[in-house]
1. If a residue has to be under 22 Å from the mean Cα position of the chain (by Cα) and buried (at least 24 other Cβ atoms within 10 Å of the Cβ) to count, how many in segment B:432-456 make the cut?
2. Could you name every one of the strands (runs of 3 or more DSSP E) located completely within segment B:118-222 that has at least 2 residues being not hydrophobic (A, V, I, L, M, F, W, C)?
3. Considering A:ALA116, A:ALA105, A:ALA147, A:ALA110, which residue is touching a strand residue (DSSP E or B) at 6+ places or on another chain (Cβ under 6 Å) and either farther than 30 Å from B:GLU129 by Cα or more than 7 Å from every other protein chain (Cβ to nearest Cβ) (or both)?
4. Give me a count of the residues in segment A:1-22 that are open to solvent by 50 Å² or more (accessible area, probe 1.4 Å) and more than 9 Å from ligand 1 (Cβ to nearest atom).
5. Between B:TYR206, B:TYR215, B:TYR173, which is open to solvent by less than 20 Å² (accessible area, probe 1.4 Å), away from chain A (no Cβ under 14 Å) and in contact (Cβ under 8 Å) with a residue 12 or more places away in the chain?
6. Do you know which of the residues in segment A:28-59 that are near ligand 2 (Cβ under 6 Å from one of its atoms) and touching a Pro at 6+ places or on another chain (Cβ under 9 Å) is most open to solvent (accessible area, probe 1.4 Å)?
7. Out of everything in segment A:113-171 that is over 13 Å from the mean Cα position of the chain (by Cα) and not in a loop (DSSP other than H, G, I, E, B), what residue ends up being nearest to B:TYR215 (Cα to Cα)?
8. Kindly indicate whether B:LYS23 is among the basic types (Lys, Arg) and closer than 30 Å to B:GLY279 by Cβ.
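The values are calculated or read from the model by the stated rules, or taken from the named source; none is laboratory data. Given the structure is predicted, the values throughout are model-derived calculations rather than measurements. FYI the Cβ positions are ideal-geometry reconstructions off the backbone, even for glycines, and counts take in every protein chain you see. What goes into the accessible areas is simple: the full protein's heavy atoms, side chains included, and nothing from ligands, DNA or RNA. Shrake-Rupley method; radii C 1.70, N 1.55, O 1.52, S 1.80 Å.
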Amino acid sequence: MKVVNQLAVVDAEKCRGCKTCERICPVLAIKMENRKAVVDNERCRGCANCEQRCPDYAIKMVKLEQPVLVKVDVSAVDYALVEDLCRRAKFNPEQLICYCTATRAEEVAAAILQGARSPEEISFLTGVRTGCKVECIQPVLRLLEAAGIKPEPPKGGWQWYGRTVTVWEIPEEVKKKYASRGFYFDEDIKILDRVANAPVQERSDS
Amino acid sequence: MRPPITPLAPRPSQYGIDPSLVKTRAADLPGMTSVMLKELFPDLPEVIFPCEEGVAAIRKATEESLKNVDMSMIRPEHSVNILAAHHGFTLLGGEPYAEMLKTIKDVIEARTGCKNIRLRAGVGLRFRETEEYIKRYGLDQHFNGKAIGVAPVDQGIPIETEVGTLYGIKKIYDADWIVHAHNSDVREVHFHRQVDRAVKPFGMAYARIETRSTYHQNLGPRAANFTARAIFDSPFVQSKFAFASFLTVAPNGIINVDADNDLYALNDRITQSGLRYYGKIMTLFGEIDECIAVLDFPCPVVYVFAAGVIYANFAGANTDLYDLDTALPAYTWYTESFYGKRGKPLLDDIPRVNSAIKMCVHNYAWTGYPSAFFSEHIPTVVVGQEQADHFNMDPQNLTYMKHAMVAEDLKAAMEFAYKVTGTDKVVIFDGAMGGINVSEPLAEFLLKKAPEVSKRVDEELLPKWLRQRGVIL
Ligand code: SF4
Ligand code: SF4
């Protein structure tokens, strides 16, 4: 869930058409037209990624007069399915998976159950990945994978490259090799499993 | 009682309010004093900075320590990337780190004849932060225009590791050789737990979002630290790694510069000094029974520091952050993510935020790091509407002000804090060098508690902490 309160605005004079912004926008809201970046205002989620990386400082963030609430209605899907999907991805449904927007696993699961098929669509619908733009790609990929979906990274984009290892997948020989160096793999599996299986505090359908 | 130490002036930055809006510094308030860290812990090391000589002492120490490093792999026709990270620029004004970077370049050039030496400076979550520092410290000039900031959303490069593919930032690795230029300041001990501290940037400031998300979401609070080791040990990174050079830091200043071709040897040395010196301050902070915390430093909320300890760690000082048997500190991202919809942890044994912090007065701190957890769980008063508005426009802090109050000025904020909390103990997170700015009652409290803490760390805690990390004294 996110309240979008700003929008990216391109200064066409300054834009040199390098495509950086198009390659990193987490919701694919930027397209190049006549070698200039053009923002789709309806899609922009105000994350400022483009503004922060444009090498020519051609993008400014502008405050929206009317902020837009972006949110997937979790109660619109059977909560048993939401719970099942989250736990298969080894998340508690109430676990926060995006710290900036306080988006919980259940909302991303609900977005997937309602038809979202890629991280870009999920970000567009829930706002996840539009705060810091850094920390929450893996939970999104894990939830998609648990739903049997294998998304392809946007062609030519730098939005994301792939799912990476989870602690449950660390090979035994690696654990053994580094057993004395303070990584506590098995102990961390225990705590993550306990969290994933803990009862929820407030079912979204109650 | 000693007068307060003059804190670092506010800095112009896109991540903070205009310095002219910071009207009063907390250290200038009535009743404030300072305690030198050596007074608290006389066994803290002697420092080379701050000193009268200024950054010349850092240049000398860097040159001295690089004498022991093999640079023969670097040929005149090669390219070298000196890898830096934002954090170093927040230490003691930033000049010491900038000077070490400049010196490394000069020494490589003089020793090897290589001229194609670039600076690649990684960031946390403020993608233009190191760009600002590169200009501020004249690094662009010193590196002949070859100094850039890199961010985790920039083009990536796959790195094959023992645990599968992870991803680095392409521009970090686009040279024949890389030199890892960092520091041993403890900073985010809630994340790294002083495990492989020296290696961490390979999984963080030099890494792409996929890797950083692995650290913070896929592996768990302690296993996370394996991310950096996996990348550093990969054949790809090993084929490029030349050496590392670190500012070695204690809570009271910079101890020295430590350079080595063997990063793990350097890592063991800083693990020891980190646990020994920061462990004492951290443990002492855990003893504080009640206080008002004032944030007053040009850094995001979590990173403002006092006595070398960041506010994020003070929020978790009720847990022993170094004890690896404790899975979750009271504040770390895993802990934050485990709070359910009712605003309490999903498991009963997850520790709550340090209840000694009765109130936080946010006089001056930056955006650019998700900080809503703090205002949600610690009563917070933000000074000045401009600062509140600034937070409301940060995509990472859209709900910070939802839980915080706004005071017109620092005086009003403090009056409110004193009245509501009933405590007269105040700790100021303003990065004061060599000491700590506090209210008089807290100064007395710390001086009284320190000897017992020192003994406990030396005799009980330090041996346990070292054992847990496989570091033999
Ligand atoms: S990043 Fe900047 S210069 Fe490049 S296409 Fe986008 S707006 Fe234009
Ligand atoms: S969503 Fe973010 S990156 Fe995309 S156009 Fe909007 S501000 Fe720019």
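1. 4
2. So the answer is B:156-161, B:164-169, B:177-183.
3. A:ALA105
4. 4
5. Selected residue: B:TYR173, the only one of B:TYR206, B:TYR215, B:TYR173 that is open to solvent by less than 20 Å² (accessible area, probe 1.4 Å), away from chain A (no Cβ under 14 Å) and in contact (Cβ under 8 Å) with a residue 12 or more places away in the chain.
6. Among those residues, the one meeting the criterion is A:ARG45.
7. Going through the qualifying residues, I end up with A:VAL167.
8. Considered against the rule, which asks whether it is among the basic types (Lys, Arg) and closer than 30 Å to B:GLY279 by Cβ, B:LYS23 comes out as no.
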